Amino acid sequence: MSEPADPSAYVRERHNDGKRDIRRPAAPAPLPVAVYDNHAHLEIADGDEPLSLDQQLARAAAVGVAGVVQAGGDIDSSRWSAWAAASHPRVLAAVAIHPNEAPAYEAAGQLDAAIAVIDELAAQPRVRAIGETGLDFFRTEQEGFAAQFRSFEAHIELAKTHGIAMQIHDRDAHDAVLETLERVGAPERTVFHCFSGDAAMATRCAERGYYLSFAGNVTFSNAQNLRDALKVTPRDRILVETDAPFLTPTPHRGRPNAPYLVPVTVRFLAVQLEIELDELCAQLAANTLEVYGSFAD
């Protein structure tokens, strides 16, 4: 796992099965107060017009998205994330081994070495979170659960050791994630990336002081559970993200997502919460800076 000479050269391409509309949506109207995209994967090229990191950030800034937390999920994407944050003042990084990657690293006898690389990256000043880590009982078979738990617990300890936030991936594993956090001890700033629970779970998270980050799927017609969860979440615990290039908000569902589309989700959240748009934007920005610190540092 020696470090490549140029982490910036890493790129992934999102699979296109020919059934999805890959045209980029038009830019929405700018927000009245700048916010941040709390979770994106900008190393993934997507759409009929793949965008460079500089282009992504410029388009975002033009509509009032002042910065992006770029998240890793394996060694290569975590190294890219750390490079992006070190090279661009509007990017902060999260680094981790994704729960669906942990069993493969374990099977190869490389999970400990991979976690050690994450530990090294987490020491960089613009790496502000461990993520995305957690549990996924949807895509990983039961024989991989032990590796997921071991990886998740190790990542929790890394976040606490480095004094940085943690971004959790939780899919079909709500109770197990919450139990693990209780048993091991959650980091001071714990974020449920792309929150996928219901109002009852949101209440449990709020009682523990966790942050809930809502992505474009909160706008989907079949996601009433997310809208219910949003309404019971304290406003100082709400974050917004894209999870780009995935989870593009309605009315652009299925098309390539990017940080410049954050305003679509923010406006939807404001309507759901019955709050003035500028007030919500200011709250979201303050919450982001509380979790990750200043983008200017």
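The values are calculated or read from the model by the stated rules, or taken from the named source; none is laboratory data. It should be emphasised that the depicted structure is a prediction, and the values quoted were computed from it without experimental measurement. FYI the Cβ positions are ideal-geometry reconstructions off the backbone, even for glycines, and counts take in every protein chain you see. The accessibility values were calculated without ligands, DNA or RNA, using every heavy atom of the protein model including side chains. Shrake-Rupley method; radii C 1.70, N 1.55, O 1.52, S 1.80 Å.
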Provide a single number: the residues in the range 82-131 that are farther than 21 Å from PHE295 by Cα and in a strand (DSSP E or B). 0
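Conditions (1) more than 16 Å from the chain's Cα centre (by Cα); (2) among the polar types (S, T, N, Q); (3) open to solvent by 40 Å² or more (accessible area, probe 1.4 Å), marked per residue:
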residue	(1), (2), (3)
GLY197	no, no, no
VAL218	no, no, no
ASN225	yes, yes, yes
LEU289	no, no, yes
Number of the condition not met by VAL262 [criteria: (1) outside any helix (DSSP H, G or I); (2) in contact with a strand residue (DSSP E or B) (Cβ under 6 Å, 6 or more places away or on another chain)]: (1)
Taking the range 91-131 as the region of interest, how many residues are surrounded by fewer than 20 Cβ atoms within 10 Å (Cβ to Cβ), aliphatic (A, V, I, L, M) and either under 13 Å from the mean Cα position of the chain (by Cα) or more than 24 Å from ASN38 (Cα to Cα) (or both)? 5
Selection over the range 34-70 where residues are open to solvent by 50 Å² or more (accessible area, probe 1.4 Å) and in a loop (DSSP other than H, G, I, E, B) yields a count of 4
Which number in (1) farther than 20 Å from ARG14 by Cα; (2) of a type in the set (A, V, I, L, M, F, W, C); (3) open to solvent by 10 Å² or more (accessible area, probe 1.4 Å) marks the one condition that ALA82 misses? (3)
For the range 132-148, which residues satisfy the criterion of being in a helix (DSSP H, G or I) and open to solvent by 20 Å² or more (accessible area, probe 1.4 Å)? GLN142, GLU143, PHE145, ALA146
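Collect the residues in the range 253-276 that are over 15 Å from ALA223 (Cβ atoms) and open to solvent by 40 Å² or more (accessible area, probe 1.4 Å), keeping them in residue-number order.
Kept after step one, since they are over 15 Å from ALA223 (Cβ atoms), are these residues of the range 253-276: 255-263, 266-267, 270, 273-276.
Those that are over 15 Å from ALA223 (Cβ atoms) and open to solvent by 40 Å² or more (accessible area, probe 1.4 Å): ARG255, ARG267, GLU274, GLU276.
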